[in-house]
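This report refers to the structure that appears directly beneath it.
The values are calculated or read from the model by the stated rules, or taken from the named source; none is laboratory data. All of these numbers come straight from a predicted model, not from anything done at the bench. A quick note on method: Cβ atoms are made from the backbone with ideal geometry, for glycine too, and the neighbour counts reach across all protein chains shown.
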Ligand SMILES: Nc1nc2c(ncn2[C@@H]2O[C@H](COP(=O)(O)OP(=O)(O)O)[C@@H](O)[C@H]2O)c(=O)[nH]1
Ligand SMILES: [Mg+2]
């Protein structure tokens, strides 16, 4: 077993941080480590919290953290939002509360580095979630801004996705257009202290009438993060979804689908890394890439064929 995986199994928090950094990189060692990590995973509940910037995701997660700790559950937070206060901004103007979280051994908070490609970020986030699972946290909360494909991608690895919406912000339409409504297992109306809650509820109910989700019906939960209201209902619904996933054929189907997507993605990444490495170290190919009118289809085909041939030779 990879030494980092061994240390994680013994709940060494420094090894946990190191492993996530390694997961942010790439290469052979990472896959090996992740495979070992996977073998010691303990089936934490992976919960994604997504929504537009400013919807209150970080505030909500902060409250949920406190709530879960009061239930004696251990929690890891993986924040993909670069503006997340978990990476150093201010939260509800209340730094002390956050600092308490930082010194609590039942809590681990990690912001994912946003350098590199977005696809790479999604991959690294999924791996970070698994590392936290192997360590033994009961709950893993993932904060992402629900704007693009890579966020949608991250959501494919979590068990339960809560979509945070706010009354009167008009973000529902945008979220709908971005295809994010479909991934919501839970609609969380945060800032329920503001006017427009009923209207937003009606919009969501109308959406569900049209979408007619099979199996699980996403419930609508109201929260006021600033006043710490709605956390127990939210937690109940998150749990109810997890039970649904474990106890129904639909849940099993979702997990199978996720597995398939992930295997495909890892294969795609491995091939891409390997082909790219060859192109990068070949001066002739680098030269070819400088010809402005070179035919990209031709080059891609030729080099991919070459790569396949070389791979075959390696095998013999
Ligand atoms: N009125 C009201 N404001 C809130 C509530 N929750 C969060 N906010 C405020 O909304 C702003 C954005 O919150 P933040 O958690 O950073 O949002 P994020 O970008 O989704 O993570 C902050 O100023 C919060 O104080 C709420 O329930 N009611
Ligand atoms: Mg945030």
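Within segment 188-204, the set of residues being in contact with a strand residue (DSSP E or B) (Cβ under 8 Å, 6 or more places away or on another chain) and in a helix (DSSP H, G or I) comprises 197, 200, 201, 204.
Look at segment 272-296: where a residue is over 18 Å from residue 312 (Cβ atoms) and a partner is part of a loop (DSSP other than H, G, I, E, B), sitting 6+ places away or on another chain with Cβ atoms under 6 Å, you get 288/294.
In segment 42-59 there is at least one residue that is on the phi < 0 side of the Ramachandran plot, away from ligand 1 (no atom under 16 Å from the Cβ) and surrounded by fewer than 22 Cβ atoms within 10 Å (Cβ to Cβ). In segment 170-177, the condition of being part of a loop (DSSP other than H, G, I, E, B) and free of Cβ contacts under 8 Å to residues at least 12 places away in the same chain is met by at least one residue. Is it fair to say residue 203 is away from ligand 1 (no atom under 16 Å from the Cβ) and under 18 Å from residue 180 (Cβ atoms)? It is true that residue 203 is away from ligand 1 (no atom under 16 Å from the Cβ) and under 18 Å from residue 180 (Cβ atoms). If you filter segment 206-225 down to residues that are assigned to a helix (DSSP H, G or I) and modelled with pLDDT under 95, you find that the one that is nearest to ligand 1 (Cβ to nearest atom) is 207.
Matching residues to (1) at pLDDT below 90; (2) away from ligand 2 (no atom under 16 Å from the Cβ):
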| residue | (1), (2) |
| --- | --- |
| 29 | yes, yes |
| 32 | yes, yes |
| 43 | yes, yes |
| 46 | no, yes |
| 49 | no, no |
| 66 | no, yes |
